[in-house]
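I have placed the structure first, in the form of structure tokens, so that the comments after it can refer back to it.
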Amino acid sequence: MKHTIYVVGIGPGKQAGMTLEAQRVLEQCDCIVGYNTYIKLIENQFSHKELLMTGMKKEVDRCRLVLEKAREGKTTAIISSGDAGVYGMAGIMHEVAAECDDVDIVVVAGVTAACSGAALLGAPLVSDFCLISLSDLLTPWETIENRLDCAAAGDFVICLYNPSSKKRADYLQKACDIILRHQSAQTPAGVVHHIGREGETTEITTLGHLRKMQVDMFSTVFIGNSQTKILNGKLVTPRGYTV
């Protein structure tokens, strides 16, 4: 007998940011598993479900718990904020279930922070862009540094996830210094805090000023390319149309 496990991206936070497909899938589930913070985002909407949560660095444990619940005959989902396939649980769920012939994995796309944050700032991602996480928990800093350098040299718009934490208080400054090797200090940039959640705010600034700013793990940072500009208070990267 095949068991289906859903890996669901719930969007940035508020219910309105969750796709209709994600809502439909979670509504048909018996059990929903996730990181503490993400379960709390949906617990009012899905309080009638079996909600199971684990803490930070328990990703593999969550996946194994999902397998266990699915094999009990329950329709089960594991959730990620944003999109489960962008720094989310989709990859590790596939890895944990790789040898399980009795399981099908179905990934349900969500709205990632890059898209929802960009919409709040204007239109910074209209041209070529890349996403880079500054967390070195799973990726060596040397690799992150190389990716930042290559992206800046290639004139990509850069969106930074996990830009800072208590243990990585100076990582955004380091990232900006790398990008400043190739981009002007006047390059437009933006920060969105708490996307889709209480306390949501936006700031538009420059790359030079960004390196001095205080951000946290609930911030998403956008750094423009050589073409990015500020139009009527919004961050915009032209695609190249003649206006």
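The values are calculated or read from the model by the stated rules, or taken from the named source; none is laboratory data. Not measured: the values here are computed from a predicted model. Neighbour counts are summed over all protein chains in view; Cβ atoms, including those assigned to glycine, are modelled from backbone coordinates with ideal geometry. Heavy atoms of the whole protein, side chains included, go into the accessibility calculation; ligands, DNA and RNA do not. Shrake-Rupley method; radii C 1.70, N 1.55, O 1.52, S 1.80 Å.
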Quick calc of log₁₀ I(q)/I(0), the stretch 1-140, Debye, one scatterer on every Cα, no solvent, q values 0.10 1/Å, result -0.33
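With viscosity set to 0.890 mPa s and temperature to 25 °C, compute the Stokes-Einstein D of the stretch 134-179, Rh being the Kirkwood radius across alpha carbon pairs; µm²/s, no decimals.
228 µm²/s
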With +1 at each Lys and Arg Cβ and -1 at each Asp and Glu Cβ, the charge dipole magnitude of the chain around its Cα centre, to the nearest 20 debye, comes out at 640 debye
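Between their Cα atoms, which of 58/212; 69/166; 58/167; 2/57 are more than 31 Å away from each other? Please report the intermediate quantities before stating the final value.
Working: 58/212 33 Å; 69/166 35 Å; 58/167 19 Å; 2/57 29 Å.
Listed pairs above 31 Å: 58/212; 69/166.
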Bridge orientation stat for the chain from DSSP, antiparallel percent rounded to 5, came to 40 percent
Of the residues 45, 63, 32, the Cα lying farthest along the dipole of the stretch 1-81 towards its positive end, which is defined by charges on the beta carbon of Lys, Arg, Asp and Glu, belongs to 63
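Could you work out Rg/(2.2 N^0.38 Å) for the stretch 13-96, with Rg from alpha carbons only? Write down the numbers at each step before the final one.
Working: Rg = 11.9 Å, N = 84, 2.2 N^0.38 = 11.8 Å.
Cα-based Rg divided by the globular estimate yields 1.00.
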Karplus ³J(HN,Hα) for the stretch 136-145 (6.51 cos²θ - 1.76 cosθ + 1.60, θ = phi - 60°; Hz, whole; x = Gly/Pro) runs 9, 5, 10, 10, x, 4, 4, 5, 4, 4
One quarter of the C-alpha convex hull surface, i.e. the mean projected area of the stretch 111-243 in nm², amounts to 8.0 nm²
One point scatterer per Cα, no solvent, Debye formula: log10 I(q)/I(0) for the stretch 1-62 at q = 0.12, 0.15, 0.21 Å⁻¹ comes out as -0.29, -0.45, -0.88
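Where does the chain land at 222 nm, in deg cm²/dmol rounded to the nearest 500, when only DSSP H runs of n ≥ 4 count, each adding -39500 (n - 2.57), divided by all residues?
Details: 8 runs with 71 residues, N = 243.
-8000 deg cm²/dmol, from helical runs alone.
What net charge is computed for the residues neighbouring residue 176, neighbours being all others with C-beta under 11 Å from the C-beta of residue 176, Lys and Arg scored +1, Asp and Glu -1?
Working: positive: 174, 181, 211, 212; negative: 170, 177.
Around residue 176, the charge tally is +2.
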For the stretch 59-140 (alpha-carbon point model, no solvent) the Debye-based log₁₀ I(q)/I(0) at q = 0.14, 0.15, 0.21, 0.23 Å⁻¹ works out to -0.60, -0.67, -1.02, -1.13
Residue by residue through the stretch 82-90, the couplings from Karplus 6.51 cos²θ - 1.76 cosθ + 1.60 with θ = phi - 60°, in Hz, x for Gly and Pro, are x, 10, 5, x, 10, 6, x, 8, 4
The long-range amide H neighbours of residue 126, using H built 1.01 Å from N in the peptide plane and a cut-off of under 5 Å, are 237
Reduced to Cα centres, the span from the stretch 98-161 to the stretch 15-64 in Å works out to 22 Å
Computed over the chain: longest principal axis from alpha-carbon atoms vs helix 59-71 long axis, angle to nearest 10 degrees, is 30 degrees
Here Rg/Rh (Cα, Kirkwood) for the chain equals 1.01
On each of the three principal axes the extent of the alpha-carbon atoms of the stretch 94-142, given in whole Å and largest first, is 45, 31, 17
Taking every DSSP bridge whose two residues both lie in the stretch 1-120, the antiparallel percent to the nearest 5 is 5 percent
Quick tally, 1.4 Å probe accessible area for 95, 145, sorted with the most first, runs 95, 145
Expressed in µm² per second, the diffusion coefficient of the stretch 151-228 from the Stokes-Einstein equation, with Rh the Kirkwood radius over alpha carbon pairs, at 25 °C and 0.890 mPa s, is 197 µm²/s
Computed for the stretch 41-107: size of charge dipole around the Cα centre, +1 on C-beta of each Lys and Arg, -1 on C-beta of each Asp and Glu, debye to nearest 20, value 280 debye
Here the stretch 193-201 yields Karplus 3J(HN,Hα) values (6.51, -1.76, 1.60; θ = phi - 60°; whole Hz; Gly and Pro given as x) of 9, 6, 4, x, 10, 4, x, 4, 9
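Among the trypsin sites (Lys or Arg not before Pro) in the stretch 140-181, which ones are in a DSSP loop with at most 11 other Cβ atoms within 10 Å of the Cβ? Mind listing them? It would help to have the intermediate numbers written out before the result.
Numbers: sites: 147, 166, 167, 168, 174, 181; in loops: 166, 167, 168, 181.
Filter output for the stretch 140-181: 166, 167, 181.
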So, relative contact order of the chain in percent, Cα under 8 Å, 6 or more apart, is 20 percent
Taking R0 as 30 Å and r as the Cβ-Cβ distance between residue 56 and residue 2, the FRET efficiency 1/(1 + (r/R0)^6), rounded to the nearest 0.05, comes to 0.40
